[in-house]
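Peer 1: Quick one: the structure is below, questions incoming.
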Amino acid sequence: MPTAWELLTTALILGVIDGVVPGPILTMLIGNLLKGGFRIGLVSYFWASFIDVAKAAVVVLAILSLQIPKEIFYWWSIGGGFLLFYFAYGTWKISKVLDRGMAFSVKKILVAYLTSPIGYLTWPLIYIPLMLQSGAQVRFGEFYFFGLIEFGWMIGTAAILLMMLFFRRFIKNEKIMHHVFQGLAVLLFIFGIKLIWNALVILGFLSV
């Protein structure tokens with residue numbers, strides 16, 4: 001069973017990786033930053049952060065309100081481990097951050113969030129099982145885990161936006177970025193192994 005420190009560190013790292021890996025939301029935020037300048041980019045970033053936290057909170061509360069036995073989440077987390085392997089495979093192949101000079105409204109960002117299936121998969125399969133483990137290790141651990149996931153996402157996304165604004169030359173170097181994303185892919189793969197291992201230990205299939 002991982003310690004509370006390990007679980008909360010994992011939450012922060014997973015959040016940061018989620019924030020830096022290119023996707024539709026990050027593409028929209030980069031577009032607003034490049035097209036509208038720093039102020040528009042900043043406003044879009046804060047709106048995206050608010051929407052991300054709100055969506056995650058609704059998904060978590062909706063799932064937990066079903067009063068699903070904890071053992072079910074640990075069974076699901078085995079699938080979550082393989083989902084992390086899939087994310088690792090996709091991240092390994094990335095060599096550049098998308099760079100579009102298009103502007104997107106808050107409404108379009110909201111629609112992109114609500115229609116993206118990733119959040120509806122990652123929370124029940126990956127994050128909620130880890131949240132439950134955090135709650136078993138430390139008081140209010142579930143809330144700490146949730147907060148660190150979202151804080152990590154904000155840090156990762158902000159880092160990419162600031163690099164796009166001030167260090168375009170570095171972030172557009174595909175060779176460098178490919179190595180960065182390969183490193184993130186290795187971390188995702190390791191987290192996938194740990195997620196499956198911990199689930200099997202908790203379910204009694206392995207002993208430590």
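The values are calculated or read from the model by the stated rules, or taken from the named source; none is laboratory data. Predicted model, so just to flag it, every value in this text is computed and none were measured. When we count neighbours, we look across all protein chains shown, and the Cβ atoms used for this are built from the backbone with ideal geometry, even at glycine.
Peer 1: Which of (1) over 22 Å from ALA88 (Cβ atoms); (2) surrounded by fewer than 20 Cβ atoms within 10 Å (Cβ to Cβ); (3) among the hydroxyl-bearing types (Ser, Thr, Tyr) does SER134 not meet, given it meets every other one?
Peer 2: Of (1) over 22 Å from ALA88 (Cβ atoms); (2) surrounded by fewer than 20 Cβ atoms within 10 Å (Cβ to Cβ); (3) among the hydroxyl-bearing types (Ser, Thr, Tyr), only one is false for SER134: (2).
Peer 1: Now for a different question. Name the one entry in TRP47, TRP5 that is among the aromatic types (Phe, Trp, Tyr) and surrounded by 16 or more Cβ atoms within 10 Å (Cβ to Cβ).
Peer 2: None of the others qualify; the one that does is TRP47.
Peer 1: Which of (1) closer than 18 Å to ILE155 by Cβ; (2) crowded, with 19+ Cβ neighbours inside 10 Å is the odd one out, the single condition GLY80 does not satisfy?
Peer 2: If we test GLY80 against (1) closer than 18 Å to ILE155 by Cβ; (2) crowded, with 19+ Cβ neighbours inside 10 Å, just (1) comes out false.
Peer 1: If we keep just the residues of the stretch 118-131 that are in contact with an Asp or Glu (Cβ under 9 Å, 6 or more places away or on another chain) and at pLDDT below 90, which is surrounded by the most Cβ atoms within 10 Å (Cβ to Cβ)?
Peer 2: GLY119
For (1) surrounded by fewer than 16 Cβ atoms within 10 Å (Cβ to Cβ); (2) under 22 Å from PHE87 (Cβ atoms); (3) in contact (Cβ under 8 Å) with a residue 12 or more places away in the chain; (4) of a type in the set (Ser, Thr, Tyr), each residue gets a yes or a no:
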| site | (1), (2), (3), (4) |
| --- | --- |
| LYS108 | yes, no, yes, no |
| SER116 | yes, yes, yes, yes |
| PHE146 | no, yes, yes, no |
| GLU174 | yes, yes, yes, no |
| PHE189 | no, yes, yes, no |
| PHE205 | yes, no, no, no |
